[in-house]
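S.K.: A single structure is presented below for examination.
What follows is calculated from the coordinates using simple rules that are stated; it is not laboratory data. Computed from a predicted structure; not experimentally measured. In this analysis, Cβ positions are derived from the backbone assuming ideal geometry, glycine residues included, and neighbour counts consider all displayed protein chains.
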Amino acid sequence: MKTAILYYSFGGFTKKYAEKAAGESGADLFEIHELRKRNIISAFIPGCPYAMKQKRVRIKPIDCDFSAYDSFILAAPVWAGFPAPAFNSALALLPKGAKVEVVLTSGSGDSSKGRTKVEELVKSCGCELTGYKDIKNG
């Protein structure tokens with residue numbers, strides 16, 4: 001089974017996690033970039049409200065043949081209890097029926113506030129949720 005790890009990182013922790021996971025598992029690694037780079041203010045306004053509403057943002061094309069993978073690990077930081085908006089954009093690119101493990105990083109290591117909505121979003125995109133991890137950074 002071939003796995004791709006797609007990740008969005010704002011402060012660097014999610015990137016470190018994804019690189020380590022790819023190195024240990026042999027999965028291919030793809031970074032998600034928003035078209036417009038955020039600063040700390042734009043991460044909170046409008047980033048947090050977008051995250052809470054599970055809105056998508058424009059991201060740069062990802063150089064990945066999604067059909068070549070059996071499963072995906074989608075990693076992102078938690079903003080206001082939900083994955084950063086780039087997570088939603090990347091999730092929408094995955095093929096129907098894809099197996100998806102969600103990995104969310106945060107200072108508390110707890111994304112339970114938005115977990116049900118994230119699970120519903122994965123299913124609404126036609127994907128199968130195979131795992132859900134909360135990783136505490138720092």
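S.K.: Among bridges DSSP assigns within the chain, what percent are antiparallel (round to 5)?
M.R.: Around 10 percent of the beta bridges assigned by DSSP in the chain are antiparallel ones.
S.K.: Another question, if that's okay. Once the other residues with Cβ under 11 Å from the Cβ of Ile135 are scored (Lys, Arg +1; Asp, Glu -1), what is the net sum?
M.R.: Values: positive: Lys16, Lys20, Lys133, Lys136; negative: Asp110, Asp134.
For residues surrounding Ile135, the net value is +2.
S.K.: Still on this structure, I have one more. Using only the alpha-carbon atoms, how far is helix 115-124 inclined from the longest principal axis of the chain? Give it as 0 to 90 degrees, nearest 10.
M.R.: Approximately 50 degrees, to the nearest ten.
S.K.: I want to verify the translational diffusion coefficient of region 3-136 in µm²/s; compute it with Stokes-Einstein, Rh as the Kirkwood radius over Cα pairs, at 20 °C and 1.002 mPa s.
M.R.: Here the translational diffusion coefficient equals 148 µm²/s.
S.K.: Separate question: What does the charge count near Ser106 come to, summing +1 for each Lys or Arg and -1 for each Asp or Glu among other residues with Cβ under 13 Å from its Cβ?
M.R.: Result for the neighbourhood of Ser106: +2.
S.K.: Using amide H atoms built in the peptide plane, which far-off residues or other-chain residues are under 5 Å from Trp79 H to H?
M.R.: It is Ala84, by chain and number.
S.K.: Any chance you could give the angle, 0 to 90 degrees and rounded to 10, that helix 13-25 forms with the longest Cα principal axis of the chain?
M.R.: 10 degrees
S.K.: Still on this structure: Taking the chain as a Gaussian network, Cα atoms linked when under 10 Å apart, which of Thr14, Thr105, Thr116 shows the biggest mean-square fluctuation?
M.R.: Thr116
S.K.: With a 10 Å cut-off between alpha carbons and a GNM built on the chain, which of Pro77, Pro85, Pro46 moves the most?
M.R.: Pro46
S.K.: Simple spin-label model, 7 Å along Cα-to-Cβ: Asp134 to Phe66 in nm?
M.R.: For the pair Asp134/Phe66, the computed spacing is 2.8 nm.
S.K.: Glu19 to Glu119: extension gain in nm, 0.36 nm per residue of separation minus the Cα-Cα distance?
M.R.: Value of the extension gain: 33.6 nm.
S.K.: In percent, what relative contact order does the chain have, based on Cα pairs under 8 Å that are 6 or more apart in sequence?
M.R.: It comes to 25 percent, rounded to a whole number.
S.K.: Quick check: Cα centre of region 30-52 to Cα centre of region 1-21, how many Å?
M.R.: 17 Å
S.K.: Report, by chain and number, residues whose modeled amide H sits under 5 Å from the one on Leu129, excluding near sequence neighbours (fewer than 5 apart, same chain).
M.R.: Val100
S.K.: Please report the net charge: other residues with Cβ closer than 12 Å to the Cβ of Ser89, K and R +1, D and E -1.
M.R.: Its environment carries a net charge of +3.
S.K.: Using the 10 angstrom Cβ neighbour count as an exposure proxy, how do Lys20, Lys37, Lys53, Lys15 rank, fewest first?
M.R.: Listed from fewest to most nearby Cβ atoms, that is Lys37, Lys20, Lys53, Lys15.
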